[in-house]
Amino acid sequence: MTWTVPKDYENRPIVVLGAGVLGRRIAACFAGAGWHVIIFDPSDKSRQAAVDYIRDNISTYLGISHGRQGTWEATADMAAAVKNAWLVFEAVPEVLSLKIDTFHQLEQLAPGDCILASNSSSYKSSELLDKVTDATKQRVLNTHYMMPPQALIVELMTSGSTAEAIFPFLSQELTKVGLKPFIVQRESSGFIFNRIWAAIKREVLAVIAEGVADPLTIDKIWMDLYQSPVGPCVMMDSVGLDTVEHIEQNYVQKRNLPTTTLDWLHDNYIAQGKLGNKSEKGGLYPPAPEGEQTQLLVLNIYQGATPDELAPQQKMSSGQILQVGLADKKSARPTALVTGQAIPDGIAVHGDRMYWTAMGVPGDNDGAVYSARLRDGGDIRTVIPVGKVHTPKQLHIDAVSGKIYFCDREGLRVHRCDLDGSRHEILVQTGDWETEPDKVADPRNWPVGIAVSSRLGRMFWTQKGPSKGFQGRIFSAPLELPPDSTPSTREDIELVASGLPEPIDLAIDEDGEEVVLYWTDRGEIPFGNTLSRKTITTNTKTTDGRVPEAEAKLGREILAQGFGEAIGLCLDKARRRVYVADMAGRLWDCPMDAPGPKEKIYESSGHAYTGIAMYQS
């Protein structure tokens, strides 16, 4: 029997068996590209969690596929779920007997033209087919997903009997969804990347075991050579050295590999409880010093050293949230917490969650605001869905009210909402982006950076002006609209500073006697690409009416200069430092109270950094 494309497949559902972490993400990929997706799982709790995950994250997946929103449902009835499916993904627990029985059930319940795909990373699909006929084996393959939306790669591997025509057809459909399919040429334990990565891990461990280099040296070489935010030793510590050992034991057994390096890893790390980041004893890297540790969250707007090799759609959705620990700035090592973002720009922390903006495709009304768990980037939720904000930039959270404030560049607005996105309102509007194209075209109308002073009850925002145009301004207004006013007609807005090179992000210090505003400027040197500050009350003067001497000449004090298109900044008030991110892929430590030399924390020439936030772990 020769396999043919499933009949009327465009009007039939896709089914995912298993509502776990990966199953629900697979389902979200297709729901975000217009498909009706049915999730099967016997657990009520897992089904609800999967439905909630797709609902809360659908905007992210729409940004990946650039398609229309589909529909989704969850059921405990496998027969009803698969009866009309054209494609079924098996993502049940990695128990061989369970998977064998699952494919036997699918043969009996699913249509005879339905493609049956396993997501197993431990078993070849041929190992799962003991109870199915030769005809069914032609419809079975392995589709090994990484971890969407952070990693969009899917490896397609034959069962040894899979019809060849399935591969180009399924690759085409996966590409439409925004995924990146790669075909494995023959059956292999570990697929393509996992095998290569396993060899890298083994050799890295051998280099350390033989005393050739330490983990820090290995990671620095790797990051510099491949423009990667992290190195292999950091990645192994993040995964857990016990997990690395388990995976390597599988390869040793199946390929008759020597056990020397694995034995060394067990004796020197596993047996001693040094399991990596999960362990108080550390791993390949020693544990962080006791006490609070300063962590930076940095937005990288594209991923990869050679962005020109990426398709435009991939460029627009390869942004990251990186975490950088500052326990030892000389060995700062970024770790990617979230990837697959559509040009992220502003980020802030509140409680145990981080919140960020995603600008979307420049010029399109497709911005959004998201949040995620702070510790690991999980539980991504949509705060403001795609299309409800045009081009969101810096984001600020007022710790007193728990309100989110963010600027909307081409949307010509300043927004405010609750932490869950409710009570979304417009506070300032400099034009109507839908009816006044001339105002949109004028960067003097573009709100970009924002900060809030709870003490003064005021918000401050930048309108950047043309690139290197020295027409940038900073404005201020009360947090509430005056009676009988609208965002576009309010008359209580004050000009704080003008004639600035190109002001971008803002931060505010109101812990001392004075309220001090800090900001980054892009623009032409020597006054552009700077970090500046200005002492204020409601406008430009100190509380006793005097302008500080250091600010008198320029109307501001320049603290540091020579950045590569500076954007994000955050204040470390305890240490009296300002951390700055620039689009040249560099992070800086700058003085907070007086001009002085800045110190480079980290650099990756393959990245472009925008927003930055700080928290204590």
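The values are calculated or read from the model by the stated rules, or taken from the named source; none is laboratory data. These numbers come from a predicted model, not from an experiment. Neighbour counts run over all protein chains shown; Cβ positions are idealised from the backbone, glycine included.
Here are the numbers for the structure shown:
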| quantity | calculated |
| --- | --- |
| All positions within the range 591-613 that are at pLDDT 95 or above and of a type outside the set (Ser, Thr, Tyr) | Gly611, Ile612, Ala613 |
| Output for the range 536-578, where each listed residue is modelled with pLDDT of 85 or more, of a type in the set (Val, Ile, Thr) and surrounded by fewer than 21 Cβ atoms within 10 Å (Cβ to Cβ) | Ile558 |
| Residue match in the range 428-451 (condition: closer than 23 Å to Ala348 by Cβ, surrounded by fewer than 18 Cβ atoms within 10 Å (Cβ to Cβ) and either at pLDDT 95 or above or not basic (Lys, Arg) (or both)) | no |
| Subset of the range 503-515 that is part of a strand (DSSP E or B) and modelled with pLDDT under 95 - its residue that is nearest to Thr535 (Cα to Cα) | Val515 |
| Candidate set from the range 269-278 (those that are on the phi < 0 side of the Ramachandran plot and free of Cβ contacts under 8 Å to residues at least 24 places away in the same chain); member that is surrounded by the most Cβ atoms within 10 Å (Cβ to Cβ) | Gln272 |
| Any hit, the range 75-82, residues being surrounded by fewer than 23 Cβ atoms within 10 Å (Cβ to Cβ) and in a loop (DSSP other than H, G, I, E, B) | yes |
| Looking only at the range 135-171, and only at residues there that are assigned to a helix (DSSP H, G or I) and of a type outside the set (D, E, K, R), the one that is nearest to Leu87 (Cα to Cα) | Leu170 |
| Residue selected from the range 176-199 under the condition in contact with a helix residue (DSSP H, G or I) (Cβ under 6 Å, 6 or more places away or on another chain) and part of a helix (DSSP H, G or I), by the criterion surrounded by the most Cβ atoms within 10 Å (Cβ to Cβ) | Val177 |
| Extreme residue, surrounded by the fewest Cβ atoms within 10 Å (Cβ to Cβ), among residues of the range 344-370 that are under 19 Å from Asp398 (Cα atoms) and among the charged types (D, E, K, R) | Asp352 |
| Hits in the range 90-116 (condition: assigned to a loop (DSSP other than H, G, I, E, B), among the acidic types (Asp, Glu) and either more than 14 Å from Pro13 (Cα to Cα) or not assigned by TED's automatic domain parsing to the domain that holds Val21 (or both)) | Glu94 |
| Members of the range 460-473 that are surrounded by fewer than 24 Cβ atoms within 10 Å (Cβ to Cβ) and either out of contact with any Gly (no Cβ under 8 Å at 6 or more places or on another chain) or polar (S, T, N, Q) (or both) | Pro466, Ser467, Gln471 |
| Condition broken by Val239, with the remaining ones in (1) surrounded by fewer than 18 Cβ atoms within 10 Å (Cβ to Cβ); (2) of a type in the set (A, V, I, L, M); (3) modelled with pLDDT under 85; (4) within 30 Å of Asp582 (Cβ to Cβ) satisfied | (4) |
| Hey, Arg55 closer than 27 Å to Thr382 by Cα, in a helix (DSSP H, G or I), basic (Lys, Arg) and touching a residue at least 12 places away in the same chain (Cβ under 8 Å) or not | no |
| Filter result (part of a loop (DSSP other than H, G, I, E, B) and either under 14 Å from the mean Cα position of the chain (by Cα) or free of Cβ contacts under 8 Å to residues at least 60 places away in the same chain (or both)) within the range 362-393 | Pro362, Gly363, Asp364, Leu374, Arg375, Asp376, Gly377, Gly378, Asp379, Ile380, His390, Thr391 |
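Rundown of residues vs (1) crowded, with 22+ Cβ neighbours inside 10 Å; (2) within 24 Å of the chain's Cα centre (by Cα); (3) in the same structural domain as Gly378 (by TED's automatic domain parsing); (4) modelled with pLDDT under 85, yes/no style:
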{"position": "Ile26", "(1), (2), (3), (4)": "yes, yes, no, no"}
{"position": "Phe30", "(1), (2), (3), (4)": "yes, yes, no, no"}
{"position": "Asp41", "(1), (2), (3), (4)": "yes, no, no, no"}
{"position": "Ser59", "(1), (2), (3), (4)": "yes, yes, no, yes"}
